[in-house]
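For reference, the structure is listed below as C-alpha cells.
Read-outs throughout are calculated quantities, based only on the coordinates presented, and are distinct from any laboratory measurement. Treat the numbers as computed from the prediction; the structure is a model and nothing was measured. Ideal geometry is used to build each Cβ from the backbone, glycine not excepted, and the neighbour counts take in all protein chains shown.
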Amino acid sequence: MQTRKATSFSYLEQWRRWAPLAVLIALCILIGLFNPNFLSTGNFIRLLNSAAIPVVLCMGATFIILMGSIDLSVEGIVALTAVIVSLLVANDITTYKLGLFAVPVAMAIGGIMGLVNGVVHVKLKTPSFMTTLGIGFAGLGIATAILGGLTVRIADPTFRYLSLGRILGIPMAVWIALAAFLVALTIQQRTRIGAWIYAIGTDEVTARFAGIPVEKTRILVFALAGLFYGLGGVLAAAQFGQGHALIAQGRLFTTITAVVVGGTALSGGVGSVVNSIIGVFIVVVLANGMVLMGIEPYVQQGVQGLLIIAAVALALDRSRLSVVK
Amino acid sequence: MNAPSSIPALEVRGVSKSFPGVKALDNVSFTIKRNEVVGLIGENGAGKTSLLKVLNGIYQPDEGELLVDGRPVTLASPRQAFDTGIAMVFQEQTILPSLTVAQNIFLGREEEFLRFGLVSKARMNEAAAAELKKVHLDIHPGTACAKLSFADRQMVEIAKALSLDSRITGNITILLDEPTSVLERKEVELLFAIIDDLKKRASIAFISHRLDEVLAVSDRVYVMRDGKVVKEFDGKDVTEKDMHQHMVGRQLHTEYYREARQTACSEKVLIEARALSKAGAFRNVSFALRAGEVLGIAGVIGSGREDLARCLAGHTKADAGTLEVNGQRARFASVPQATAQGVGLVPAERKVEGLVAQFSVAENMTLAALPKFVAKGLLNFGAETAQAKSWIDRLKIKTPSPHAMTGGLSGGNQQKVVLAKWRIAGVKVLILDHPTRGIDVGAKEDVYELVRDMTSEGLAVILLGDTLEEVIGLSSRILVMRDGEVTASFEAPPGGKPTQIDLVQHMV
Amino acid sequence: MSKEWKERLHTYLPIIFLIVLVLLVGAYDPSFFSVGNFLTVTADTMTLFLMASGVTLVIMIGGIDLSIQAVASMASCILAAYLGRFGIWTIPLAVLGGAVAGLAGSLVSTRLRIPSFIATLAVSGVVLSAGYWFSDTRSINIPPDLSASYLSWAVGDTLGIPNEIWVGVVAMVVLSVLLQLTPFGRLIRGIGAQEQAVIASGINVDRIKIAAYVLSGTMAALAGVVMAARLGSGSPTLANEFLLPAIAAIIVGGTAITGGVGSVWRTFVGALIVQVVRIGMTFMGVSVFAQQIVFGVILVAAVAITLDRSKLLVVK
C-alpha cells in the first residue's frame, strides 16, 4: 500500500506539471476561435511585450514562494526603483544624466530592499508576509516622498530604448525578460542555492541536517528577488517614459497570480521558474483576450483573484496541512 | 586504519538526555567496535532513536561523552557527524521529493561538483550512479525522487548514508533506524547483503522492531528500557525469547494498578466496530466495547493502534467497515460527530491536542462542553468556576486557582485537566492514548484511580498504554496489533492476566 | 522583573505609549490640549478603528484579512450609487456586501484550505472589480440632501459628541461583549492559541473562523459607509492606504500576530496611537507622503516586539 501511495503522488505531480500548459493552450485556441486577430504576428508581439515585466518580477517571486515564503513588497520595490532610475537618467526634475549606468544603481537599490526584507524576516523571525507588507509600504512611501506625489518625465532616448528598441522586430524588453529568465533558470538548475531553495521549501529541518546554511540562503534569496524587482522597475520606467509612485499598481497581484497559476505551490518546494513563465502567459493571454472581447479592463483584477483561488485549490496538496491559518 | 583495533569505532560513556517531563537517555554507555554490527532493541520510547540521534549530532547530550576512534568529540549537527564519519538513515524519510536522486544524495555537499560556481550535473550524476550501484538500485540519478516508490526512496536514503564511504578516508559508522519498515522481503535481504559487505569497511548500528532481523545481522545486541541499557548480548547465541524477557523487565504489582477495583464488565455494548479498515493504517479490526470495561490495545509503532484510536475519535475517517453506538449505525467522520456520540480522546500530545496552554484551568475544562455554560447567549462564569472547582477537588488537581494558566501546571495535573474536560462533556467512551507519558509516579497512580472511577460509573475506556505493564495492569481485555491487524485477543481478569511475553510474541 | 509585572506592563504598555505620545505632541503644540481637539482627533480615528476592529478577530485566530480596504471602498461605492434609489436600505445593503466578501474569503480559506493572506488577497481583487462595477469606475458624489436624511447618524453631533465616536464606541462595546463574554469569543482565543486542541475538543472550528471573517468584512464595510458619509462621496479607491494603518493599529495595540492574545479595546487604543503619530508627524513637518514609510517601519517593529517566538518552529 505504501507503493500505491507513491504512485498516486507522482500522478498528482504529472497533473501539476502539465495542467498549466494545457490551460494556456486551451485559452489560446478559445480566444483564437473567438477573434482571429489574436493569432496575428502583431498581437503575438504585443503579448510578448506585455509579458516582459511580469516575467522579470515572477523570476524573483518564484524563488521566494518555492521556499514556502511570500513577498508582498513587489509593488513597493518596483515603484521605488522606477522612481529612482527615472531621476538618475536625463529627466525634467534632476540634473543627473547617468544614462544606462542608472540601471545597475536601481537594481542594487532593489537588491538592498530585498536584503532588508530577508534580514528582518530571518533575524527578527517575523513572518515573511508581514515583513514584506511593511517593507513594501515603506518602499512605496519613499517613492512617494521623493517625488512629493509628482511624476518625473524621462528625456533619455537611450534609456527608453531598453523597452522600446527592437531587435529582429521584437522589443528589447522581451529580450531582457528572456535574459532574466535564463539567469533565473541557471540559478535554479545549476547552482547550490537552486537546490537549497527546494530543500528549504520542502523540509527545512532536513535542509538544516544536511548542513545547508538556511538563514543565509533565505536572506540571499530575498535579496535576489529584490534585484529582479529592481530590473522590473527599470523596465517599467523605460516603457512608460516616466516614474511615479503608482507605476507599480496591480503588479503584486499579477505576479502572485502568475506564479501560483503556473503551478508553483504556496506551501513551498514544488514548481519552477518555467512554470511561472507559463503562468505569466496565462495571465497575459487572458487579459489580452478580454480586451479583444471588449470586456472592461477593471474586471481583470477580479478575474485574476478567481484564477488564484482556482489554481491554488487545484494544486495544493491539502492532505499535508492539518491547520491552515 | 592503523589505530589498534581494540579501540572502538564509536563509544558513548554515561550519556544522559532529558526533555521536559521525560528522561530519554539515562546514563547510557554503548560501544560499536570496528567492523561490527550492533543491534539495538527495546519497546517504544525506550530511548533507541534518542541514542542514535545523539550519535548523529541531532541531540546534544546533557551529560556524558562521545568518543570516535577513542578521541572525545562533540557533534553539533548531523553535518558535523557526517564529516566525522557518521551517517544515519532515519526512520522518517528525509528524501526530498522535489529534488533529483543525485541532488538528494549530495544535499549540502555540492561543493565538490562546483565548476566556475555552477554545479556540474554530469559529474554529480556520475558520482551518484556509483553510490546507487552499491544499493543495486537501477535508476537514473537525474530522476526526481517524487517519481520513486517509498521503498526506492528508502534505498536512496541508504545510498545517501553510504556515500560517506567514498568521501571519508578514515573509519565510518552507519546508523540505521528502522530501515526495513517500508521495504519488501527481497529488498530487506539486499540490505542485509549490503550490511554484510559494508562490515569490511564500516561499523553499523541497527534498530528494528523485527527481532528476527536483528538476530540475523547483529554481532552484538543491546536491549534498552526506560532510557537505560539493561542488557548486552554477545555473539549470536541469543534467542528471541531472551530478548523479549529483557525488553519487558519488571513484574507488575496488582496494588499499583488498583486491580481490586477492576469491574466485571456489563453486557451492555457501547461501541461495536465491524471490519474497520484504513489503507496504510489498519485492516479488518472488529471488537465490541462494553460498559465498565477497559480495553487495552498493545502494539509497537506502526502497528496501527494509534491510527485506530484517532479513527474512533473522528480525527480520521476509516475507508471501510462500520461502527455502531448503542446498536445504531453511527458516523465518525469528524471530531464533532464522535464527541456527539459520547467518544472523547485524551491524546498523546497533551500540549498540542489536549489543551490550550494559554487557557485557564476552568476554560480548558469546559472547552468540550461550552453550550452547557451559556445562558442567554453569554457565558455563565459562575457555573463554569463552580464546576471547575468541583473537578479540581475531585481529581486532586494542584493549581493555585481555577483561573490559573494551564500551561503553568505540572504534566500530571495538566493530564487531569484533560480528563476533567471529557468528564464534564459527559463522554461515555474515553480513549486514552499514552495517558501517563511524561508524568510522575504519584500522578500516574491518580490517573489509574480515575480510570477505575470511570469504569465503576459505567463508562468504557480504550487504553493505548505507555508501557505493556500498564496495559496489562489496567485492562480487562487486551487486543494485540501488528502491521495493522489484530493478531491476538486476551481476557485479563484480576488474577488471570496474560504476561508481557504473551503479548510481545504477537507484537513483533 | 517578575512575570506577573511583565504581563501587567504588557497589558498597559499601549495606553502608556498613547499618553506619552499625546504629551509629546501637546508639548510641541499646546493647542493640542483641548476637549474639542481631542474629540476631533478621536472622531477622525473612528473610520480607521472600525476597519481594524473586525480584522482584530481574524488576527486573533492567527489569520489575516488583506481585503478590508477593497471591501470598504466597495461599500462606499454601493452606498453612493444606490442611496438615491433604495434610501436607508442602502446602508444594510452596503454592509451586507462586506459580509459577503468576508464569507467568500473565509470559505476559500477554510474549505479549500488556503492560507488566509492569499485567500483574502485573491478575494480583494474580485471585490475591487466589484467596486469599479458598482461605481462605473468613477467617484460618485452623495447629494447633501440625501446625506442629511440618511447619513446624519454617522456625521452629526449627539450630546456634543461627534456621532462617529458614538458609532465607534457602540462597535467597540458590541465586539468586546462578543469577544469577552460569549462562547464565540472564548473559541476565537482558543483557536488562535492552540487550534488543534480546540478541534480535538469536538468544536467545529471552521464555523468560528468563518464568523470571524464575516465580522471583519462587515466592519470594513461599515467603515466604508462612515467614510463615504464623512467625505460625501464613494469611490473604488476610497479606502486605499488604509490596510497598513489598520494592521499597524491592531499590532501596536498589543494583539499578537501569532494569535490567541488580543482585544478590541486594544485596537481602539492602537488606532488612536496611529492617529496621534500621524498628527505628530504632520506637526513636525514630515510630509504626508513619507508617513507610509513610518507606518511600514512601525508595523514591522511592532510585530517583532509583540511576537511570541516560542510558538514558531519554522518561520516562513
What residue among A:GLY232, B:VAL68, B:ALA159 has its Cα farthest toward the positive end of the dipole of the protein assembly as shown, where the charges are +1 on Lys, Arg and -1 on Asp, Glu, each on the Cβ?
A:GLY232
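So for region C:1-118, considering every pair of alpha-carbon atoms, how many percent are separated by more than 18 Å?
On the way: 4766 of 6903 pairs.
Beyond 18 Å sits 69 percent of the P(r) for region C:1-118.
Beyond a 28 Å Cα-Cα separation, which of these cross-linked pairs lie in this structure: A:LYS216/B:LYS53; B:LYS48/B:LYS444; B:LYS241/B:LYS428; B:LYS48/B:LYS199; B:LYS53/B:LYS421; A:LYS123/B:LYS416? Could the numbers behind the result be given before it?
Numbers: A:LYS216/B:LYS53 25 Å; B:LYS48/B:LYS444 24 Å; B:LYS241/B:LYS428 39 Å; B:LYS48/B:LYS199 21 Å; B:LYS53/B:LYS421 36 Å; A:LYS123/B:LYS416 39 Å.
With Cα atoms farther than 28 Å apart: B:LYS241/B:LYS428; B:LYS53/B:LYS421; A:LYS123/B:LYS416.
Using packing as a proxy for protection, rank C:86-95, B:31-40 so that the peptide with the highest average count of other Cβ atoms within 10 Å comes first. Present the calculation step by step, with values, prior to reporting the outcome.
Values: C:86-95: 17.7, B:31-40: 21.7.
Going by the mean number of other Cβ atoms within 10 Å, highest first, we get B:31-40, C:86-95.
Quick one: dipole size for region A:40-247, taken about the Cα centre, charges +1 on Lys/Arg Cβ and -1 on Asp/Glu Cβ, in debye to the nearest 20.
Working: 12 positive and 7 negative charges, 54 e Å.
Computed about the Cα centre, the dipole is about 260 debye.
Using only atoms on other chains, find how many Cβ atoms lie within 10 Å of each Cβ of peptide A:194-203 and report the average. Each step should come with its number before you reach the end.
Values: counts 5, 13, 5, 1, 7, 7, 3, 3, 7, 7.
If you average over the peptide's residues, the count of other-chain Cβ atoms is 6.
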For region C:132-222, just the Cα set please: Rg and Dmax, both in angstrom.
18.9, 56
What area, in nm² and to one decimal, does the C-alpha convex hull of chain C cast on average over all directions?
17.6 nm²
Please state the relative contact order of chain A as a whole percent: Cα pairs under 8 Å, 6+ residues apart?
31 percent
Ordered by number, the GluC sites (Glu not before Pro) in region B:162-224 that occupy a DSSP loop and have at most 16 other Cβ atoms within 10 Å are B:GLU184
Using the alpha-carbon centroid of each, what span in Å lies between region B:47-74 and region B:349-405?
43 Å
Kirkwood estimate for region C:71-172, i.e. one over the average of 1/r between Cα atoms, Å
15.1 Å
Descending principal axes extents, region B:23-149, alpha-carbon based, whole Å:
48, 33, 27
Largest to smallest principal axis extent of the C-alpha atoms in region C:167-210, angstrom
38, 16, 14
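From Cα pairs below 8 angstrom and at least 6 apart in sequence, can you work out the relative contact order of region B:1-109, rounded to a whole percent?
Details: 144 pairs, mean separation 27.3, N = 109.
The value is 25 percent.
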Rg and Dmax of region B:435-508, using alpha carbons, in Å: what are they?
12.9, 36
Given A:52-65, C:236-249, C:118-131, A:145-158, the highest-first ranking by average Cβ count within 10 Å works out to A:52-65, C:118-131, C:236-249, A:145-158
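Membrane-span-like helices in chain A: DSSP H runs reaching 18 Å or more (Cα, own axis), mean Kyte hydropathy at least 1.6? Please report the intermediate quantities before stating the final value.
Numbers: long enough: A:2-34 (48 Å, 0.60); A:41-66 (34 Å, 1.57); A:74-88 (21 Å, 2.36); A:102-123 (31 Å, 1.52); A:128-147 (28 Å, 1.66); A:172-190 (26 Å, 1.55); A:214-240 (39 Å, 1.28); A:273-292 (28 Å, 2.42); A:299-315 (24 Å, 1.70).
Both cut-offs are met by A:74-88, A:128-147, A:273-292, A:299-315.
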Spatial extent of the protein assembly as shown: Rg and Dmax, with the Cα atoms as the point set, Å
32.5, 102
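Report, as an integer, the average count of C-beta atoms from other chains found within 10 Å of each Cβ along A:142-154. Please list the in-between numbers first.
Values: counts 5, 3, 7, 8, 2, 1, 4, 3, 1, 0, 0, 0, 0.
If you average over the peptide's residues, the count of other-chain Cβ atoms is 3.
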Classify chain A: rounded, prolate or oblate, from the alpha-carbon gyration tensor (a ≥ b ≥ c, eigenvalue square roots; a/c under 1.5 rounded; otherwise prolate if a/b is larger than b/c)?
oblate
Would you compute, from DSSP H runs of 4+ residues alone, the mean residue ellipticity of chain B at 222 nm, taking -39500 (n - 2.57) per run and dividing by the full residue count, rounded to the nearest 500?
-9000 deg cm²/dmol
Check: C-alpha center region B:431-508 vs C-alpha center region B:194-245, spacing in Å is 28 Å
Please report the relative contact order for chain B, taking Cα pairs under 8 Å with a sequence separation of at least 6, and give it as a percent rounded to a whole number.
15 percent
Isotropically averaged projected area of region B:352-426, using the convex hull of Cα atoms (one quarter of hull area), nm²:
4.6 nm²
I want the local charge near C:ASN163. Using Cβ-Cβ distances under 14 Å, sum +1 for each Lys or Arg and -1 for each Asp or Glu among the other residues.
-2
DSSP bridge orientation in chain B - percent antiparallel, rounded to nearest 5:
55 percent
Which value, to two decimals, describes the C-alpha radius of gyration of region A:176-325 once divided by 2.2 N^0.38 Å?
1.17
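Partner chain Cβ atoms within 10 Å, averaged over the residues of C:170-181 - can you pull that number for me? Each step should come with its number before you reach the end.
Details: counts 0, 0, 0, 0, 0, 0, 0, 2, 2, 0, 2, 5.
Counting other chains' Cβ atoms within 10 Å and averaging over C:170-181 gives 1.
Of all DSSP beta bridges located in the protein assembly as shown, what percent are antiparallel, nearest 5? Write out the running numbers ahead of the final one.
Values: 55 of 90 bridges.
Taking every DSSP beta bridge with both residues in the protein assembly as shown, the antiparallel ones total about 60 percent.
Count charges around A:ILE247 for me, please; just the other residues with Cβ under 14 Å from its Cβ, Lys/Arg as +1, Asp/Glu as -1. The partial results should precede the final answer.
Numbers: positive: A:ARG153, A:ARG251; negative: A:GLU75.
Net charge around A:ILE247: +1.
Going by a ≥ b ≥ c, the root eigenvalues of the Cα gyration tensor, does chain B fall in the rounded group (a/c under 1.5), the prolate group (a/b larger than b/c) or the oblate group?
Working: a/c = 1.90, a/b = 1.80, b/c = 1.06.
Taking the square roots of the gyration eigenvalues as a ≥ b ≥ c, chain B is prolate.
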Among C:LEU181, C:LEU66, C:LEU21, whose mean-square fluctuation peaks in a Gaussian network model of chain C (Cα, cutoff 10 Å)?
C:LEU181
Report, largest value first, the span of the C-alpha coordinates of region B:452-495 along each principal axis, in whole Å.
34, 22, 19
Quick one: which residues, 5 or more positions from B:ARG290 or on another chain, have an amide H under 5 Å from its amide H? H modelled 1.01 Å from N in the peptide plane, none for Pro or chain starts.
B:LEU270
Going by Cα centres, region A:23-100 and region A:262-289 are how many Å apart?
13 Å
Of the DSSP beta bridges with both residues in region B:352-500, give the percent that are antiparallel, rounding to the nearest 5.
65 percent
Build a GNM of chain A with springs between Cα atoms under 10 Å: which of A:GLY114, A:GLY169, A:GLY139 gets the top mean-square fluctuation?
A:GLY169
Please give me the summed charge of the neighbours of B:PHE106: other residues whose Cβ is under 13 Å from its Cβ, Lys and Arg +1, Asp and Glu -1.
+2
